[in-house]
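Before any comments, here is the structure.
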Amino acid sequence: MPSLRWAAIVALAATLNNATPTIAAEAVGQAVVIKTAVTGASGPLEVKSPVHRDERISTSNSGLGQFVFLDGTKLAVGWGSSVVIDKYVFNDDNSVKKLTIRAAKGTFRWISGSSPSSAYQIVTPAGTIGVRGTAFDVHIAPNGKTAVVLLKGTARFCSGGGCRELKRRCDCVVATPSGAMTDVIKVNRSVLTTLGTSRALPFLTGNQQLSGGFAAIGGNCGLTAAIQQEHTPRPQQRNSPAPPSPGTPNPPSPPEPPPKGEVDDGNNGHGNDPGKHDPSNPGKSYGPGKKG
């Protein structure tokens, strides 16, 4: 009998366990723009699809996703990217205590929402970005090399090599996972060369177009014009004639015209009376009073 009683207890426990509802992942925002292929934990995402805490969002090589979180924070995920919504602790006053994004690769645009700046943190392979009322773009190369370009507010990028303060629009810093980090400079065409691809920072170069409030932030920092100028064919210059090589005789000068008032009568030196020239017989002319 004890064995039958034990079997009944085990069966009851299994039944209760199966009856317990599974707690769904917490929705922390939703997609507002989806272009080509963007996937989440449950598969392809569409406009108005919810995004959840701990969810990984990935885009194809031509994909683009724009997301808005509950506190108004905006995140654009460009082509060939992967990002995880790592931590999200929401307050009752429509703000967050903590929002951490782990960006693994690709391009992103971040625009802070209504929460205190201290609540936001963006982690990259090369370091961590702290924000202060901020909008900025991030690009992470396959080797982890990371560029941050400030568009609004201020930001602080810290890694094993120290910290850099981004204070002016278009300020940029590039860092590697090993801790190497550049000084802060204004972003320019050479940053794309440093990152190893012209597909980097596509929201600034104009290679990918954002919509709505995601686009009207900070301009393009001159990168669009730089890329267009690079791809505009330059007019071909005509080659000027090469100077003569040493020792080459100069070409003969054209004959000088006869002095004014002297006219060649075509008599070839045989006539005696200029002006009485016989056009039918060069070399023959008649003197005064003589006719042929």
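The values are calculated or read from the model by the stated rules, or taken from the named source; none is laboratory data. Everything numeric in this text was worked out from a predicted model, so none of it was measured. No Cβ is skipped: glycine too gets one built from the backbone with ideal geometry, and neighbour counts run over all protein chains shown. To get the accessible areas, we keep the full protein, side chains included, count just its heavy atoms, and leave off ligands, DNA and RNA. Shrake-Rupley method; radii C 1.70, N 1.55, O 1.52, S 1.80 Å.
Which whole-number percent is the relative contact order of the stretch 146-214 (Cα, under 8 Å, 6+ apart)?
On the way: 93 pairs, mean separation 16.1, N = 69.
The value is 23 percent.
What is the count of Lys pairs in the stretch 52-188 whose alpha carbons sit under 29 Å apart, if the two are 8 or more places apart or on different chains?
Within the stretch 52-188, the lysine pair count is 29.
Taking only the Cα atoms of the stretch 150-222, how large is their convex hull per residue, in Å³? The partial results should precede the final answer.
Details: hull volume 6.8 nm³, N = 73.
Cα convex hull per residue, to the nearest whole number: 93 Å³.
Just add up the charged neighbours of Phe108: K/R +1, D/E -1, any other residue whose Cβ is under 13 Å from the Cβ of Phe108.
On the way: positive: Lys74, Arg102, Lys105, Arg109; negative: Asp137.
The answer is +3.
From the mean inverse distance of alpha carbon pairs (Kirkwood) and the Cα radius of gyration, derive Rg over Rh for the stretch 39-142. Each step should come with its number before you reach the end.
Working: Rg = 12.8 Å, Rh = 13.7 Å.
Taking Rg over the Kirkwood Rh, I get 0.94.
With all pairs of different alpha carbon atoms counted, what Kirkwood hydrodynamic radius in Å does the stretch 33-87 show? Could the numbers behind the result be given before it?
Details: mean 1/r = 0.0906 Å⁻¹.
Taking the inverse mean of 1/r over all distinct Cα pairs, the stretch 33-87 comes out at 11.0 Å.
Accessible area, 1.4 Å probe, largest first: how do Cys163, Cys172 sort?
Details: Cys163 55, Cys172 0 Å².
Largest accessible area first, the residues go Cys163, Cys172.
Counting only C-alpha contacts under 8 Å and six or more residues apart, can you give the relative contact order of the stretch 83-183 as a whole percent? All intermediate terms of the calculation are to be shown ahead of the outcome.
On the way: 259 pairs, mean separation 20.1, N = 101.
Relative contact order of the stretch 83-183: 20 percent.
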